[in-house]
Amino acid sequence: MRHKSVSYAKYGYIFLVPFVAAFLFFSLYPIIYTLVISMSDLKGVGTASFSILANPFQNFINIAKNELFQKSLATTGIIWILNFIPQMALALLLTAWFTNERLRVRGQGAFKVLLYMPNIITSGTIAVLFYSLFSYPIGPVNSLVTMLGLTDRPYEFLRDASVARGLIAFIQFWMWYGNTMIVLIAGVLGISPAIFDAAAIDGANSLKTFLYVTLPSLRQIMLYTLITSLIGGLQMFDIPKLFTNGGPDNATQTASVYIFNQAFTGSYQYNRAAAASMLMFVITAIFSGALFYLMRDKDAQKAKKQRKLLEKAAALNGGAQA
Amino acid sequence: MTKMSPTKVVIYVVCILLAVLSIMPFWIMFVNSTRSTVEIQGGISLLPSSHFMSNLSILLNKGFNPMVGFVNSFAIAAGATLCGVYFSSLTAYALVAYHFKARQAFFTFIMCVLMIPAQVSAIGFYQFMYQLHWVNSIWPLILPSIAAPAMVFFMRQYLLSTLSIEMVEAARIDGSGEFATFNRIILPLMAPAIATQAIFAFVGSWNSLFTPMILLTSKDRYTMPIMVNLLRGDIYRTEFGSIYLGLAMTSLPLFVVYFLLSRYIIAGVALGGVKE
């Protein structure tokens, strides 16, 4: 018995309505609105009316020339690099240890739970906690360094630009290396065991296996981590805002803190902040595009490899027949 | 006990040091929340003292009301989580179960908007909400999660591996409407994926600072992360014990959730990385 064929396709569209509506209302429209504001004269608390500037790109020109904004981009980059390199290095080292069949490190479950823990705690709380721990002249860290005899008087950590930057990078590193480690371990567990068996049969030691088998197989996941971390790092806000509030001397004012401070403090320069957001949007889009390209490249490369193999096999077959 | 190789000794020492590094700041926070200003000025201690109650009364007397922050954060996080998991499931179901023309295009679109951070639209978002008189309302912090591209992506992957279209067809023969089929059959089927995503959505919303800080200016609307900022201010200048107690209060719910659900959270993190 056959039912009269009914098309259910329309339900596909109907079920997408809430997502599309929420996206248009809360994402797309605000982005377009931000773009319009970035070309306008909108500033001042409580103002909502504005007009487009004679030169719509004036805010962009101003912001691109603005030393504080340039500094905030550089700060974001420096803090991100200082956090990402040790984060990836430590995560890789721990991954090598935890996935080594011969070492059989025990208590991995507990270590994972503890090393990941800082990631789940509100970063605002962590920022103010570290602010208190490093407080001057009296604070736990100052007590510790004087107790250990490292200095004879308390040090004002958060007044020192490079120390403050380094500490923010450290907090970011401390919050995220556990996450990266878990992702990398999952990646290693996803590699076919046959490859490791083959390496073992070939007599490769642990180091060689990790360098020549594990690492190349993790390339994709490491790239994914790199770019998502880059996009996340570009939005770095909570720690620099609540730990040092951008100081000392704007040394820890990241791009997001700059945007916030321009728009919601001082003279409420919404238009400038909007122009800075749009530049950030472009940078994010470039990184996302790179991620897409690299991820799609994987399939394309695979197909290419397969085709080559087939051609080779065909050639060999042809050779055998000839 | 068999002798341990030197490599393994190094590994355990490093891992234990890292674990201590994870715990220590929080340990000092909890311990200091029970110590007086004088004790804290005297140096570090790893053992609690007896000034919890006096710290608490100082904390509460200076305008820090953790109950307000807790209730606001909870309302927003619960609302955003419910909206997020329900509508992401619905969107994912539409993408998997129905064959319509724009399906592939829509999926590509979701992948494109996956990475857009809240910061880039914040100014327009704030101005828009200001005009709607939605500043200091919790709705602009809840409703946007109806469109959560990353969650849709995850739910779609889950449905692709678990949904059999025969089930849907059987429900149709029984006379079930499409929407009822989704609510009664598909949602229960997705329970494991919903649970994982719910944890991350809840924690993510609870911890978020940027958008709430822009929208919530009235003190009785503050969420926990915004309240934390009060502890950094001048009002608690030398009341160190109270500052640590306030910090402990803002993070305690998260420690409870984490230690109850750590297994699922770790598994969820692992899943996140291998999703592509």
Label-point separation, B:Leu21 to A:Phe57 (7 Å along Cα→Cβ), nm: 4.6
Charge dipole magnitude, Cβ of K and R +1, D and E -1 - the protein assembly as shown, Cα centre, debye nearest 20: 1180
Rg and Dmax [Cα atoms of segment B:19-62; Å; Rg one decimal, Dmax integer]: 11.3, 36
Mean projection area, nm², convex hull over Cα of segment B:63-232: 11.7
Segment B:193-249: trypsin sites (Lys or Arg not before Pro) falling in loop per DSSP and having at most 16 other Cβ within 10 Å: B:Arg237
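What's the magnitude of the charge dipole for chain A around its Cα centre, counting Lys and Arg as +1 and Asp and Glu as -1 at the beta-carbon? Answer in Debye, nearest 20.
1200
Ratio of the protein assembly as shown's C-alpha Rg to 2.2 N^0.38 Å, to two decimals?
Normalised Cα radius of gyration, the protein assembly as shown: 1.07.
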Members of A:Lys71/B:Lys62; A:Lys112/B:Lys62; A:Lys65/A:Lys241; A:Lys43/A:Lys71; A:Lys43/A:Lys65 lying beyond 30 Å, as alpha-carbon distances in this model show: A:Lys71/B:Lys62; A:Lys112/B:Lys62
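What is the fewest-to-most order of B:Ser164, A:Ser277, B:Ser45 by other Cβ atoms lying within 10 Å of their Cβ?
Listed from fewest to most nearby Cβ atoms, that is B:Ser164, B:Ser45, A:Ser277.
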Mean residue ellipticity (222 nm) of chain B, computed from DSSP H runs ≥ 4 via -39,500 (n - 2.57), nearest 500: -23000 deg cm²/dmol
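At most 13 other C-beta atoms within 10 Å and a DSSP loop state: those are the exposed trypsin sites (Lys or Arg not before Pro) I care about. Give me the longest piece of chain A that has none.
A:107-322
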Convex hull volume per residue in cubic angstrom - Cα atoms of chain A: 296
Segment B:184-276 - Kirkwood radius from inverse mean 1/r over Cα pairs (Å): 15.9
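Each reported figure results from applying straightforward, stated rules to the coordinates on display, with no laboratory input. The structure displayed is predicted, hence computed values, not measured ones. Virtual Cβ from ideal backbone geometry, glycine too; neighbours counted across all protein chains shown.
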